[in-house]
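Taken together, the values in this text are just the output of simple stated rules run on the coordinates, not laboratory data. Predicted model only: the values in this text are computed from it and were never measured. In this analysis, Cβ positions are derived from the backbone assuming ideal geometry, glycine residues included, and neighbour counts consider all displayed protein chains.
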Amino acid sequence: MEETLEKIYKKCRKEEGNIVNILHELQEHFGYIPERALNWFSKKLNIPSSRIFGVITFYPQFNLRPKGENVITVCRGTACHINGSERLLNRLLMELEIPPSEDTTNDRKFTIEKINCIGACGMAPVVIINDEMRGKISFAQLMKDIKKLKKNE
Ligand code: FES
């Protein structure tokens, strides 16, 4: 890991005050931001790790834990809420046996994310399955899609 962190540091050295660029590089390389990398850059740049942690948690695109192989994003905007996205989300979490404080299945096959309006309100409720948007989706259809994903693995 040390070698990778050095490479990222060298690449971003000119803008070392811009921690967001470094975090993007880490996220791209590892798929998330490992705690060890956070601490390494904290020492290297003499920036308190709490400050870096604050930046990571401010931007939703950064993750402190690895995501699952499949990412299912449920829109929680107003139109989707009115059209049942909360019920859809809760049933999905139950079906995949994801505990309330977690977002990823134990086998790391699925991560469930929430997002605010993605601008497709006319198709509410909207779910994004691995970058593919699905509008007016029912729980039954969502489960069919999940079964297909499980079969393909
Ligand atoms: S509220 Fe879900 S797409 Fe707008």
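Here the relative contact order of the range 70-152, from alpha carbon pairs under 8 Å that lie six or more residues apart, stands at 38 percent.
Starting from the Cα of GLU69, step 7 Å toward the Cβ, then list every residue of the range 80-104 with an amide N under 16 Å from that point. Residues 104 fall inside that zone.
Taken along its three principal axes, the alpha carbon spread of the range 2-58 comes to 23, 23, 17 Å, from the longest extent down to the shortest. Under the simplified labelling scheme, the ASN90-LYS43 pair shows an inter-label distance of 4.7 nm, with each label point 7 Å from Cα along Cα→Cβ. Here each label is just a point 7 Å from Cα along the line to Cβ, and for LYS151 and GLU113 those points are 2.7 nm apart.
DSSP bridge analysis restricted to the chain gives an antiparallel fraction near 55%, rounded to the nearest 5. From the P(r) of the chain, could you give the percentage of C-alpha pairs in the tail past 24 Å? Every Cα pair in the chain considered, those over 24 Å come to 44 percent.
So if I take the centroid of the Cα atoms in the range 78-99 and the same for the range 1-42, what is the distance between those two points in Å? Here the answer is 35 Å between Cα centres.
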